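Okay, structure first, notes after.
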Amino acid sequence: MADLYEATYTDPASLARQAGQLGPSTLPDVSGATPAAGTAQATAATASGAADETAATASGAAARSTTARTHSPAPAPDTRHQGALPTRAARVRYFAILAGIGAFALAACFALLAWDNPMPVGSEGFWLIANLRATNITVIVIVAFCQAMATVAFQTVTHNRIITPSIMGFESLYTLIHTSMVFFFGTAGIVAAGSTSMFLTTVGIMVVFAAFLYGWLLSGRYANMQIMLLIGIILGAGLGSLSTFMQRLMTPGEFDLLTARLIGSISNAEASHLWIAAPIVAVAGGALWLLAPKLNVLALGHDTAVNLGLNQRAYNIIVLLLVSVLMAISTALIGPMTFFGFLVAMLAYQLADTHDHRYVFPLAWMTGVAVLAGAYFALKHLFYAEGAVGIIIEVVGGSFFLLYVLRKGRL
């Protein structure tokens, strides 16, 4: 029995050695399992290993893809234009509007030179007659420049779009000066009012008055822009009342002559005054143009301007003095025009679609020339009422003022 047992018994270690030599497919199941079951288990193990290897390969590929994306160059950022007109469409629109208004202004000025000119266009006689009319064109260009630049700058420093420099009493002072001339010297005062010395005296008085007012109310510890505007309104009303009192004591003839002088009209300007007015206007207007970046900062408000390092009080006084020079020249040339500056500034802001003064100033000037030249041509050649230019502009400007206030619903 022992020999039979030894012959039939096989050591498990021997079976293991045989399995290593013969491979897993010939390994007998010592636990009693069948050879087919062992083969299935081995196949499952092999498949599991292959799946793990495939997953590892996919994971490595994903990691390499992520690394490639991380180190790939970033796309170039979109190029953007920073400024008052940020897009090409906005720039094209602005310059198209400026060119259109400029073309209309040139056409109106040429019509003033050529309309009812009996000589053929281009002939020597044509230009001789045109030179006689060129004085009115020069006056229109200078007055439009003064009113546009002064009103836009004044509205910026006061942070108010519905007021004009006339609120400071320039026109009331002009009225008082001419009323006093007629009151004390009679009709000789009207003749003297057209002289060059009287023109310079009027401009000088207005500028000194403004300098005193600004220096008094905008300097010191309690300087306040709103108080300055309020005092300007009160002084203007007081000067106007004094003028009205003296006018009541005049004779009817003197009053008629004075009234014709006090209505804003292109015909009031003297050609001899233009040689003096043009250089002064060029210097004052050029200074405002150079201050355009500072005006952009002032328009942001007191706190923002101070935080950006701007001496707001000093620049306010400088700008207001330049405004007073421009307004004094304009008023002394043609007389009072209260709403002309407001009309021009409002149209310029609406058409420019920007608050940058480098763009608003030229558009306001061109708009002023177009409005003034167009109104003068229509009233002179179509309605034969060239002296009513100031009245028509005041009516139109006042109507736009009311519409603007009613649309906003507040002052």
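Where helices (runs of 4 or more DSSP H) fall entirely within the range 152-222, none has at least 1 residues that are touching a strand residue (DSSP E or B) at 6+ places or on another chain (Cβ under 8 Å) and more than 25 Å from Phe340 (Cβ to Cβ). Taken over the range 212-240, the criterion of being at negative phi, out of contact with any helix residue (DSSP H, G or I) (no Cβ under 9 Å at 6 or more places or on another chain) and either among the hydroxyl-bearing types (Ser, Thr, Tyr) or exposed (fewer than 13 other Cβ atoms within 10 Å of the Cβ) (or both) is satisfied by Phe212, Arg221, Tyr222, Ile234. Flag not set for Leu291, criterion: more than 32 Å from the chain's Cα centre (by Cα) and either at pLDDT below 95 or among the aliphatic types (A, V, I, L, M) (or both).
Have a look at Tyr376, Tyr359 and point out the one that is among the aromatic types (Phe, Trp, Tyr), crowded, with 16+ Cβ neighbours inside 10 Å, out of contact with any Gly (no Cβ under 7 Å at 6 or more places or on another chain) and more than 30 Å from Ala89 (Cα to Cα).
Tyr376
Within the range 249-266, restricting attention to residues that are within 42 Å of the chain's Cα centre (by Cα) and loosely packed, with under 15 Cβ neighbours inside 10 Å, the residue that is nearest to Leu112 (Cα to Cα) is Ala260. The residues listed here are Ala314, Ala348, Ala370; of these, the one that is in contact (Cβ under 8 Å) with a residue 60 or more places away in the chain and within 26 Å of His159 (Cβ to Cβ) is Ala348.
Assessment of the range 131-144 against the conditions (closer than 30 Å to Asp356 by Cα, exposed (fewer than 15 other Cβ atoms within 10 Å of the Cβ), of a type in the set (S, T, N, Q) and modelled with pLDDT under 90) yields no matching residue. Applying the condition of being surrounded by 14 or more Cβ atoms within 10 Å (Cβ to Cβ) and touching a residue at least 12 places away in the same chain (Cβ under 8 Å) to the range 290-304 and asking which residue is farthest from Ala332 (Cα to Cα) yields Val297.
The residue of the range 92-107 that is surrounded by the fewest Cβ atoms within 10 Å (Cβ to Cβ), among those that are touching a residue at least 24 places away in the same chain (Cβ under 8 Å) and not hydrophobic (A, V, I, L, M, F, W, C), is Arg93. For Phe184, the requirement of being farther than 29 Å from Glu254 by Cα, exposed (fewer than 14 other Cβ atoms within 10 Å of the Cβ) and modelled with pLDDT of 85 or more is not met. For Pro336, the conditions (1) outside any helix (DSSP H, G or I); (2) crowded, with 18+ Cβ neighbours inside 10 Å; (3) within 21 Å of the chain's Cα centre (by Cα); (4) not acidic (Asp, Glu) all hold with the exception of (3). List pairs: first residue in the range 108-120 and farther than 25 Å from Thr367 by Cα and touching a residue at least 12 places away in the same chain (Cβ under 8 Å), second residue aromatic (Phe, Trp, Tyr) and in a helix (DSSP H, G or I) anywhere in the structure, Cβ distance under 9 angstrom, at least six positions apart or on different chains. Once the first residue is farther than 25 Å from Thr367 by Cα and touching a residue at least 12 places away in the same chain (Cβ under 8 Å) and sits in the range 108-120, its partners that are aromatic (Phe, Trp, Tyr) and in a helix (DSSP H, G or I) give Asn117/Phe126.
Checking each residue in the range 305-333 for being crowded, with 22+ Cβ neighbours inside 10 Å and over 21 Å from the mean Cα position of the chain (by Cα) picks out Ser324, Val325, Met327, Ala328, Ile329, Ser330, Thr331, Ala332, Leu333. When Val283 is tested against (1) farther than 22 Å from Trp365 by Cβ; (2) surrounded by fewer than 17 Cβ atoms within 10 Å (Cβ to Cβ); (3) aliphatic (A, V, I, L, M), exactly one condition is not met: (1).
Quick test for you: out of Gly253, Gly240, pick the one residue that is farther than 30 Å from Val141 by Cα, in a helix (DSSP H, G or I) and touching a residue at least 12 places away in the same chain (Cβ under 8 Å).
Exactly one residue qualifies, and that residue is Gly253.
The lone criterion from (1) more than 30 Å from Ala211 (Cβ to Cβ); (2) part of a helix (DSSP H, G or I) left unmet by Asp116 is number (2).
The values are calculated or read from the model by the stated rules, or taken from the named source; none is laboratory data. Please read all numbers here as calculations on a predicted model, not as lab measurements. When we count neighbours, we look across all protein chains shown, and the Cβ atoms used for this are built from the backbone with ideal geometry, even at glycine.
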